[in-house]
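Each remark here refers to the structure printed beneath this line.
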Amino acid sequence: MVPSWATAAGFSLLPHVGGILGATITKKEIPTWYASLKLPSWRPPNWMFGPVWTTLYTSMGYGSYLVWKELGGFNKDAVVPLGLYAGQLALNWAWTPLFFGAHKIGWAAIEVVFMTGTALATTISWYPINKTAAYCMYPYLAWLCLATTLNYCIWRDNKDKKME
């Protein structure tokens, strides 16, 4: 039997898989393509994104563990709350290749709205199961609101620019 701490660690680390893959795309685009864009003055500094995403991924992953544990694993009761979680995580992982990889800022803006909605639905579905799990999603939801606004502003201010 796997110790509970190992299971919790696995759930907490899982979201980082997509984050690490996304970082490989983002890293080369920051000094080139992203630096060429008109960016809002209020955007967070580039160095902040790594620590913030590390914290958010760990928190949401731990929240998913709490829900999984509370529901007794992957079963019929877990389909909706963990399915919503998986859906928002897939949308999260898809955003970076869309924005930074394909330079599709407008499509990424639409995608992040769906991601935020799915993350909100996840949080709402978790609340009656495990309040702490839902609370783990609150900082993520706040960051997604900022990210959605930032994505929209970047699209708005660069939509006439030819994207390469």
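The values are calculated or read from the model by the stated rules, or taken from the named source; none is laboratory data. Values in this document were obtained by computation on a predicted structure and should not be read as measured data. We place every Cβ from the backbone using ideal geometry, glycine too, and count neighbours over all the protein chains shown. Surface accessibility is based on the protein's heavy atoms, side chains included, excluding ligands, DNA and RNA. Shrake-Rupley method; radii C 1.70, N 1.55, O 1.52, S 1.80 Å.
Would you point out which residue out of Glu111, Glu70 is acidic (Asp, Glu) and within 14 Å of the chain's Cα centre (by Cα)?
The match here is Glu111.
So, of the residues in region 1-34 that are within 22 Å of the chain's Cα centre (by Cα) and open to solvent by 60 Å² or more (accessible area, probe 1.4 Å), which turns out to be farthest from Phe99 (Cα to Cα)?
Here the answer is Leu13.
Does Lys104 qualify as being of a type in the set (Lys, Arg) and within 18 Å of Ile25 (Cβ to Cβ)?
Answer is yes for this residue.
Those residues that are closer than 23 Å to Leu56 by Cβ and among the small types (Gly, Ala, Ser), I need them from region 70-92; list them, please.
Initially, region 70-92 is screened for residues closer than 23 Å to Leu56 by Cβ, giving 70-71, 78, 80-92.
Those that are closer than 23 Å to Leu56 by Cβ and among the small types (Gly, Ala, Ser): Ala78, Gly83, Ala86, Gly87, Ala90.
Does Thr55 count as surrounded by fewer than 17 Cβ atoms within 10 Å (Cβ to Cβ) and within 15 Å of Phe11 (Cα to Cα)?
Here the answer is yes, as Thr55 does meet what is asked.
Of all residues in region 35-50, which are of a type in the set (Gly, Ala, Ser) and open to solvent by 60 Å² or more (accessible area, probe 1.4 Å)?
Answer for region 35-50, where residues must be of a type in the set (Gly, Ala, Ser) and open to solvent by 60 Å² or more (accessible area, probe 1.4 Å): Ala35, Ser36, Ser41.
Of the conditions (1) open to solvent by 20 Å² or more (accessible area, probe 1.4 Å); (2) within 20 Å of Ile25 (Cα to Cα); (3) within 12 Å of the chain's Cα centre (by Cα); (4) not hydroxyl-bearing (Ser, Thr, Tyr), Leu120 fails just one. Which one is it?
Unmet for Leu120, out of (1) open to solvent by 20 Å² or more (accessible area, probe 1.4 Å); (2) within 20 Å of Ile25 (Cα to Cα); (3) within 12 Å of the chain's Cα centre (by Cα); (4) not hydroxyl-bearing (Ser, Thr, Tyr): (2).
Looking at Ala142, Ala78 in this structure, which one is small (Gly, Ala, Ser), without any contact (Cβ under 8 Å) to a residue 12 or more places away in the chain, under 22 Å from Leu13 (Cα atoms) and open to solvent by 50 Å² or more (accessible area, probe 1.4 Å)?
From the options Ala142, Ala78, the qualifying one is Ala142.
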